[in-house]
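First the structure, in the form of structure tokens, and then the observations on it.
The values are calculated or read from the model by the stated rules, or taken from the named source; none is laboratory data. Computed from a predicted structure; not experimentally measured. Note that we place each Cβ from the backbone using ideal geometry, even for glycine, and neighbour counts take in every protein chain shown.
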Amino acid sequence: MSKVGNWQLGREMEFPYEGARPARQIAYVFDTNKCIACQTCSIACKTTWTSGKGQEHVFYNNVESKPYGFFPHGWDVHLLEKLGTGRWSGGTYEGKTVFEAAAPNERVLGYAPDEADYASPNLGEDVIAGTIERGAFFQGIHRAWMFYLARICNHCTYPACLAACPRKAIYKRPEDGIVLIDQSRCRGYRECLKACPYKKVFYNAITRVSEKCIGCYPLIERGEQPQCVQTCIGKIRLQGFLSPPGSERADNPLDYLVRIRKVALPLYPQFGTEPNVYYVPPLHVPRDFLAQAFGPGVEEAAAAYRSAPTDRELLGALLLFGNTPRILHRFRAEAEEAIGYDAEDREVVRVPYTEPFFAREFFDRKNDVYRHNVT
Ligand code: SF4
Ligand code: SF4
């Protein structure tokens, strides 16, 4: 085991290999407050990458309703139980990660889901926590709650799948940190599937090898955001690149949202893989639940998010979500608009803070028709 720095844990941790942080790391921000669980992302991904034989149960992208939705069934609850209680002291995690809690003859603490756990991808959808009494009426605050959690491979800085592979078939690209399986080396031992705490590796019983989200690398290589990001109906997603810790740039939208304003948080940072999908936590959900899922930064993230309507820069960064297929490397917040730039520093998107408003006549004289939708 080597000692590697994990900024999400606020400390060093054990990992089977030397740390090899890429110069820039693919990363995503998902705003859970905007997701409507339309599953467009899941279907866009499925029709692009996993519509073949043996892939019937494979969803590189899924959207589950928390707290009772899971895919595969119970994935996070099982691992949290195995890992046991861990505490945060300020920003430092004092419990064990999946690498540190591994049995002496193993590299990662994990488990293999049963086949049946993949049978119902949407089990628990829209099931709320809490009860609504018969005859209850709306009093201004919903006591019952749930939220939608969109999930893909986190292209972790310290991938548990990679750590566990006895064939060294999994690798992390130095140019962008995308984690890939070399299928010609894979022999289908499924150690990666057991090790990935997010259960984002799948076994294909027809090809007899494992597979996972490839980060839409053909799109990334031509400067475009992945399918799940481009097609998102709720505009909840932004993909870009994170700089190494200590070299953040305030004009890089990912650095700005994740490390500078800290409005988006990693999912289960205590697992220790340094996942690179960051979530704006849902504002209406009990803080205890959020602290377990997203770590100790929840209050700060919620406060920052609440300040966005009066904070032009933060609002500007948030408005860039879903408004361009291009990957944004730089952004600028002007008085009336937020502007995004691509890798060549060309302007590729300009979003107004206030949507233009047009009112049309109810009766269109030119075409001699009445309009029902006039604003
Ligand atoms: S497409 Fe966007 S809004 Fe729809 S389920 Fe996926 S993440 Fe949520
Ligand atoms: S989320 Fe799982 S499959 Fe993806 S890089 Fe991390 S450990 Fe590997």
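Can you name the residue in region 122-166 that is β-branched (V, I, T) and farther than 15 Å from V285 by Cα and is also surrounded by the fewest Cβ atoms within 10 Å (Cβ to Cβ) among such residues?
At the first step, the residues of region 122-166 found to be β-branched (V, I, T) are 127-128, 131-132, 141, 152, 157.
Keeping just the survivors that are farther than 15 Å from V285 by Cα gives 132, 152, 157.
On the way: I132: 12, I152: 26, T157: 27.
This residue is I132.
Take the residues in region 94-144 that are among the aromatic types (F, W, Y) and within 19 Å of N62 (Cβ to Cβ), then tell me which one is nearest to the chain's Cα centre (by Cα).
Step by step, filter region 94-144, then rank; the result is Y118.
Only residues that are exposed (fewer than 13 other Cβ atoms within 10 Å of the Cβ) and in contact with a strand residue (DSSP E or B) (Cβ under 7 Å, 6 or more places away or on another chain): list them for region 348-375, please.
In the first step, residues of region 348-375 are kept if they are exposed (fewer than 13 other Cβ atoms within 10 Å of the Cβ); the result is 352, 354-375.
P352, F362, F363, Y370, R371 - these are the residues of region 348-375 that are exposed (fewer than 13 other Cβ atoms within 10 Å of the Cβ) and in contact with a strand residue (DSSP E or B) (Cβ under 7 Å, 6 or more places away or on another chain).
Take V179 and decide whether it is under 22 Å from the mean Cα position of the chain (by Cα), under 23 Å from R208 (Cβ atoms), hydrophobic (A, V, I, L, M, F, W, C) and at pLDDT 95 or above.
On the way: under 22 Å from the mean Cα position of the chain (by Cα): yes; under 23 Å from R208 (Cβ atoms): yes; hydrophobic (A, V, I, L, M, F, W, C): yes; at pLDDT 95 or above: yes.
Spelling it out, V179 is indeed under 22 Å from the mean Cα position of the chain (by Cα), under 23 Å from R208 (Cβ atoms), hydrophobic (A, V, I, L, M, F, W, C) and at pLDDT 95 or above.
For region 199-213, state whether one or more residues are within 16 Å of ligand 1 (Cβ to nearest atom), of a type in the set (G, A, S), surrounded by 24 or more Cβ atoms within 10 Å (Cβ to Cβ) and touching a residue at least 24 places away in the same chain (Cβ under 8 Å). First the steps, then the outcome.
Going through region 199-213, the residues within 16 Å of ligand 1 (Cβ to nearest atom) turn out to be 200, 213.
Checking the rest, the ones that are also of a type in the set (G, A, S) come to none.
No: zero hits.
Go through (1) within 16 Å of ligand 1 (Cβ to nearest atom); (2) among the acidic types (D, E); (3) part of a loop (DSSP other than H, G, I, E, B) for E56 and report which single condition fails.
The one condition E56 does not meet is (1).
Which members of region 325-335 meet the condition of being free of Cβ contacts under 8 Å to residues at least 60 places away in the same chain and surrounded by 11 or more Cβ atoms within 10 Å (Cβ to Cβ)?
A333, E334
Within region 232-286, can you find the residues that are within 16 Å of ligand 2 (Cβ to nearest atom) and among the hydroxyl-bearing types (S, T, Y)?
Answer for region 232-286, where residues must be within 16 Å of ligand 2 (Cβ to nearest atom) and among the hydroxyl-bearing types (S, T, Y): Y268, T273, Y278, Y279.
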